[in-house]
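Peer 1: One structure follows; several queries about it will come next.
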Amino acid sequence: MPVQYLKTGKPSDARSEDDAKVRHSVEAALADIEARGDAAVREMAAKFDGYTPVSFRLSQDQIDALIARVSPSDLEDIRFAQEQVRNFAQAQRDSMQDIEVETLPGVILGHRNIPVQSVGCYVPGGKFPMVASAHMSVLTAAVAGVPRIIAATPPFKGEPNPAVIAAMHMAGAHEIYVLGGIQAIGAMAIGTETIQPVDMLVGPGNAFVAEAKRQLYGRVGIDLFAGPTETMVIADDTVDAELCATDLLGQAEHGYNSPAVLLTNSRKLAEGTLAEIDRLLAILPTADTARKSWQDYGEVILCDTHDEMLAVANDIASEHVQVMTDRDDWYLDNMHSYGALFLGARTNVANGDKVIGTNHTLPTKKAGRYTGGLWVGKYLKTHSYQRITTDEAAAMIGAYGSRLCMLEGFVGHAEQCNIRVRRYGGRNVPYGVAAE
């Protein structure tokens, strides 16, 4: 029996139309920031956030005052979460070693892992204060050794959110701006009269933030295309409908366009989950958002076998993949396209989002086919170097190099090699003649 869709979302052509509208809006906004700098940023902040302070950058006194408004218990929770993220990021960093090897007598090759010199970290927070995103971007950059880390977040209910600012500061941000959306991304990447541009942008955001990063890629580096949250639950009859529905709606509440997909080989579980979602939407405080997201982007896909589910899952390449089956490790071994896996009923995506220690900035829109999520290595550039230490090696490598250059017709390249053969090998190689 072919794969059955018991529920589908908005058709792909309608989604493409939405994407086109976003793309045009972002193009115009970035061009305005390029042309008018701070004036454009301030106008956008007034229009979209209703927030126009004297300076978007917080002073140390302002940061201290905001942190003082965070309760001791909330600060302790932030410290605990940051410790988990820091520990895992440090373990990842420790796994990345500079190397130097002698590949032939007198031929030394190596590489160094060098931090990006300036990074702009976007922390969403206009609708929900995304405290955890500060850990994921700012703290990970700090572990990588980035010397200039700036962070931007929109105002929350008309003012800086104290918990988000505390998390940014505790994570190691050197500059903090209360600025949201396209204007924050554009200001950090393009630069203005008051904001020095960065070399790299990181962090999740809504469709406008993701599109702004996409359009600026190349001018600056980016971590990945991290758009609206996606979640997939892969489940069989070892779990119940309440668990599946809770995990789907728990991510659908992120925004109005957050895909949530149930992939199962149990019709009973599929139908039960649909009913359970209706029940939960009647009592969930964030139901207005989750209902719209589920209506337009929710899917329930019924398969016959685990092999079929695996194929569908790899094709969708969802950002978060919750696996609750009788063979979770089999999915771990065989899945190749996703953001992050959450294995077993005891695990859940919210833990990954907030506290467990892995990074929650993950690829969306099928980008999991070619990249993983944000991690300490994203802030490091691996640069190679080479050194020849003996005359014999210089002449030997030069002779090979000369012939290979001439094979391609590059006479000037060949002469770079030939002059070394003459200097260090004592051989007379005429200009433009490959060393024998």
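Peer 1: Need the failing condition index for C417 against (1) over 43 Å from the mean Cα position of the chain (by Cα); (2) within 23 Å of G110 (Cβ to Cβ), just the number.
Peer 2: (1)
Peer 1: Sticking with this one: Need at least 3 residues that are modelled with pLDDT of 95 or more and either in contact with a Gly (Cβ under 9 Å, 6 or more places away or on another chain) or of a type in the set (K, R) (or both) per element, so show me which helices (runs of 4 or more DSSP H) inside the stretch 228-336 make the cut, counting only ones lying wholly within it. Can you show your working first?
Peer 2: Values: elements: 241-252, 267-281, 287-297, 306-316, 328-334.
In the stretch 228-336, 241-252, 267-281 are the helices (runs of 4 or more DSSP H) which contain 3 or more residues that are modelled with pLDDT of 95 or more and either in contact with a Gly (Cβ under 9 Å, 6 or more places away or on another chain) or of a type in the set (K, R) (or both).
Peer 1: Here is a check on your reading of the model: is E211 of a type in the set (D, E, K, R) and over 18 Å from the mean Cα position of the chain (by Cα)?
Peer 2: Numbers: of a type in the set (D, E, K, R): yes; over 18 Å from the mean Cα position of the chain (by Cα): no.
When the stated conditions are applied, E211 does not pass them.
Peer 1: Run down T382, T390 and say which single residue is among the polar types (S, T, N, Q) and closer than 30 Å to V146 by Cβ.
Peer 2: Working: T390 fails: closer than 30 Å to V146 by Cβ.
Selected residue: T382, the only one of T382, T390 that is among the polar types (S, T, N, Q) and closer than 30 Å to V146 by Cβ.
Peer 1: Examine the stretch 181-203 for a residue that is part of a strand (DSSP E or B), out of contact with any Ser or Thr (no Cβ under 7 Å at 6 or more places or on another chain), of a type in the set (G, A, S) and modelled with pLDDT of 95 or more, and state whether such a residue exists.
Peer 2: From the stretch 181-203, those part of a strand (DSSP E or B) are 200-202; that's our starting set.
Filter once more, keeping what is out of contact with any Ser or Thr (no Cβ under 7 Å at 6 or more places or on another chain): 200-201.
If we keep only those that are of a type in the set (G, A, S) too, we end up with none.
Taking every residue of the stretch 181-203 in turn, none turns out to be part of a strand (DSSP E or B), out of contact with any Ser or Thr (no Cβ under 7 Å at 6 or more places or on another chain), of a type in the set (G, A, S) and modelled with pLDDT of 95 or more.
Peer 1: Related question: Quick one: which residue in D49, D98 is modelled with pLDDT of 95 or more and either over 22 Å from the mean Cα position of the chain (by Cα) or farther than 27 Å from V178 by Cβ (or both)? Break it down stepwise before answering.
Peer 2: On the way: D49 fails: modelled with pLDDT of 95 or more.
The match here is D98.
Peer 1: Acidic (D, E), over 30 Å from L75 (Cβ atoms) and either touching a residue at least 24 places away in the same chain (Cβ under 8 Å) or crowded, with 18+ Cβ neighbours inside 10 Å (or both), is that true of E392? Lay out the reasoning, then the answer.
Peer 2: Numbers: acidic (D, E): yes; over 30 Å from L75 (Cβ atoms): yes; either touching a residue at least 24 places away in the same chain (Cβ under 8 Å) or crowded, with 18+ Cβ neighbours inside 10 Å (or both): yes.
Criteria met by E392.
Peer 1: Next up: If a residue has to be open to solvent by 40 Å² or more (accessible area, probe 1.4 Å) and either touching an Asp or Glu at 6+ places or on another chain (Cβ under 9 Å) or not small (G, A, S) (or both) to count, how many in the stretch 410-436 make the cut? Show your work before the answer.
Peer 2: Of the residues in the stretch 410-436, the ones open to solvent by 40 Å² or more (accessible area, probe 1.4 Å) are 410-413, 416, 419-420, 422-424, 426-428, 430-431, 433, 436.
Still in the running and either touching an Asp or Glu at 6+ places or on another chain (Cβ under 9 Å) or not small (G, A, S) (or both): 410-411, 413, 416, 419-420, 422-424, 426-428, 430-431, 433, 436.
Within the stretch 410-436, residues that are open to solvent by 40 Å² or more (accessible area, probe 1.4 Å) and either touching an Asp or Glu at 6+ places or on another chain (Cβ under 9 Å) or not small (G, A, S) (or both) number 16.
Peer 1: Read through the list (1) of a type outside the set (A, V, I, L, M); (2) farther than 16 Å from G180 by Cβ; (3) open to solvent by 40 Å² or more (accessible area, probe 1.4 Å); (4) in contact (Cβ under 8 Å) with a residue 24 or more places away in the chain, then give the number of the only condition that S25 fails.
Peer 2: Only one criterion is unmet by S25, namely (2).
Peer 1: Pull out all pairs, ordered by first then second residue, where Cβ-Cβ is under 6 Å, the residues are six or more apart or on different chains, the first lies in the stretch 44-72 and is under 17 Å from V164 (Cβ atoms), and the second is of a type in the set (S, T, N, Q) and assigned to a helix (DSSP H, G or I).
Peer 2: Once the first residue is under 17 Å from V164 (Cβ atoms) and sits in the stretch 44-72, its partners that are of a type in the set (S, T, N, Q) and assigned to a helix (DSSP H, G or I) give A45/Q183.
Peer 1: Let me ask something additional. If you check every pair at least six apart or on different chains, which have Cβ atoms under 9 Å apart with a residue in the stretch 118-138 that is farther than 18 Å from G352 by Cα first and a residue that is assigned to a helix (DSSP H, G or I) and acidic (D, E) second?
Peer 2: G126/D49
Peer 1: Let me ask you something else. Out of all the residues in the stretch 344-380, which are over 20 Å from D315 (Cβ atoms), outside any loop (DSSP other than H, G, I, E, B) and touching a Pro at 6+ places or on another chain (Cβ under 9 Å)?
Peer 2: Y379, L380
Peer 1: Further question on the same structure: Could you pull out every one of the strands (runs of 3 or more DSSP E) wholly within the stretch 103-161 that has 3 or more residues that are open to solvent by less than 30 Å² (accessible area, probe 1.4 Å) and under 30 Å from D49 (Cα atoms)?
Peer 2: On the way: elements: 107-115, 118-122, 148-153.
The qualifying strands (runs of 3 or more DSSP E) are 118-122, 148-153.
Rundown of residues vs (1) of a type in the set (F, W, Y); (2) surrounded by fewer than 15 Cβ atoms within 10 Å (Cβ to Cβ), yes/no style:
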| position | (1), (2) |
| --- | --- |
| R327 | no, yes |
| W330 | yes, yes |
| S337 | no, no |
| L343 | no, no |
| N348 | no, no |
| K354 | no, no |
| N359 | no, no |
| K365 | no, no |
| Y370 | yes, yes |
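The values are calculated or read from the model by the stated rules, or taken from the named source; none is laboratory data. Keep in mind the model is a prediction, meaning the values are calculated, not measured. Don't worry about glycine lacking a Cβ; one is built from the backbone with ideal geometry, like all the others, and counts go over all protein chains shown. Note: areas computed on protein heavy atoms with side chains; ligands, DNA, RNA excluded. Shrake-Rupley method; radii C 1.70, N 1.55, O 1.52, S 1.80 Å.
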